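Q: Dropping a structure here in structure tokens format, bear with me for questions.
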Amino acid sequence: MLVLSLIVIFVAFAAFAGLLLAGIISREVVSEIEVINADGGKTALVVYQPGFSSFPRDVSYAFAEGLASSGWRVELTTASPQAPSNFSKYSLLVLGFPSYGGTPGTAIVSYINRVKNLDGLSTVIVSCAGGISTRSIETLKQQL
């Protein structure tokens with residue numbers, strides 16, 4: 001039984017390492033801006049990085065739906081060079097991302113590096129990770 005467990009752990013680790021090397025987990029995905037509750041009052045921008053599973057996307061959409069149900073106009077897109085970097089029309093920025101190995105996904109970090117200045121914009125960080133480590137959140141906070 002121990003040997004079987006070790007084999008399963010090794011295969012899972014090898015698959016994860018292969019995905020990292022292939023860039024699947026960290027690639028930037030370009031998507032259109034989706035508007036939720038177009039008639040809402042204040043406008044929030046939700047930028048998320050898709051992950052290996054649909055979990056980061058699902059959490060980001062759930063957060064966006066919650067904002068919309070509270071009267072916000074929400075614009076939602078993926079972290080890519082085409083994502084908005086002018087925040088003059090937004091009252092809130094939400095950053096959703098997967099965390100792998102305690103670090104935020106590289107696409108969301110690249111997005112923040114491109115944006116550089118949030119001009120005091122209120123920002124929410126939504127880290128989608130297994131476990132209880134807050135290291136990825138702290139890393140992204142330092143970048144902001």
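Q: Tally the residues that are touching a residue at least 12 places away in the same chain (Cβ under 8 Å) and surrounded by fewer than 23 Cβ atoms within 10 Å (Cβ to Cβ), restricting the search to segment 96-110.
A: 6
Q: Please specify each residue of segment 94-113 satisfying the condition of being within 12 Å of Y48 (Cβ to Cβ) and in a strand (DSSP E or B).
A: Correct list: V94, L95, G96, F97, P98, P104.
Q: Now a separate question. Answer with yes or no whether I125 is surrounded by 14 or more Cβ atoms within 10 Å (Cβ to Cβ) and either modelled with pLDDT of 80 or more or among the small types (G, A, S) (or both).
A: yes
Q: Moving on. Of the numbered conditions (1) buried (at least 18 other Cβ atoms within 10 Å of the Cβ); (2) at pLDDT 95 or above; (3) among the hydrophobic types (A, V, I, L, M, F, W, C), V59 satisfies every one except a single condition; which is it?
A: Answer for V59: the failing condition is (2).
Q: If only one of V74, V35 is assigned to a strand (DSSP E or B) and in contact with an Asp or Glu (Cβ under 7 Å, 6 or more places away or on another chain), which one is it?
A: It is V35.
Q: May I pose another question? Name every residue in segment 68-79 that is touching a helix residue (DSSP H, G or I) at 6+ places or on another chain (Cβ under 7 Å), in contact (Cβ under 8 Å) with a residue 40 or more places away in the chain and either polar (S, T, N, Q) or more than 19 Å from K116 (Cα to Cα) (or both), in order of residue number.
A: Residue satisfying the conditions is L76 alone.
Q: With the condition kept exactly as written, say whether any residue in segment 59-67 is assigned to a strand (DSSP E or B), closer than 19 Å to I125 by Cβ, in contact with a strand residue (DSSP E or B) (Cβ under 7 Å, 6 or more places away or on another chain) and in contact (Cβ under 8 Å) with a residue 24 or more places away in the chain.
A: Checked segment 59-67: no residue is assigned to a strand (DSSP E or B), closer than 19 Å to I125 by Cβ, in contact with a strand residue (DSSP E or B) (Cβ under 7 Å, 6 or more places away or on another chain) and in contact (Cβ under 8 Å) with a residue 24 or more places away in the chain.
Q: For S85, indicate whether it is under 16 Å from A107 (Cβ atoms), free of Cβ contacts under 8 Å to residues at least 40 places away in the same chain, surrounded by fewer than 20 Cβ atoms within 10 Å (Cβ to Cβ) and in contact with a Lys or Arg (Cβ under 9 Å, 6 or more places away or on another chain).
A: yes
Q: On to the next question. Please determine whether any residue of segment 81-93 is of a type in the set (F, W, Y) and either in a loop (DSSP other than H, G, I, E, B) or closer than 14 Å to V30 by Cα (or both).
A: yes
Q: Any idea how many residues of segment 62-116 are hydrophobic (A, V, I, L, M, F, W, C), out of contact with any Phe, Trp or Tyr (no Cβ under 8 Å at 6 or more places or on another chain) and more than 14 Å from L45 (Cα to Cα)?
A: Total meeting the criteria: 1.
Q: Let me ask you something else. Go through segment 96-112 and report how many residues are out of contact with any helix residue (DSSP H, G or I) (no Cβ under 6 Å at 6 or more places or on another chain) and within 12 Å of S127 (Cα to Cα).
A: 3
The values are calculated or read from the model by the stated rules, or taken from the named source; none is laboratory data. What you see is a predicted model; the values in this text were computed from it and never measured. Virtual Cβ from ideal backbone geometry, glycine too; neighbours counted across all protein chains shown.
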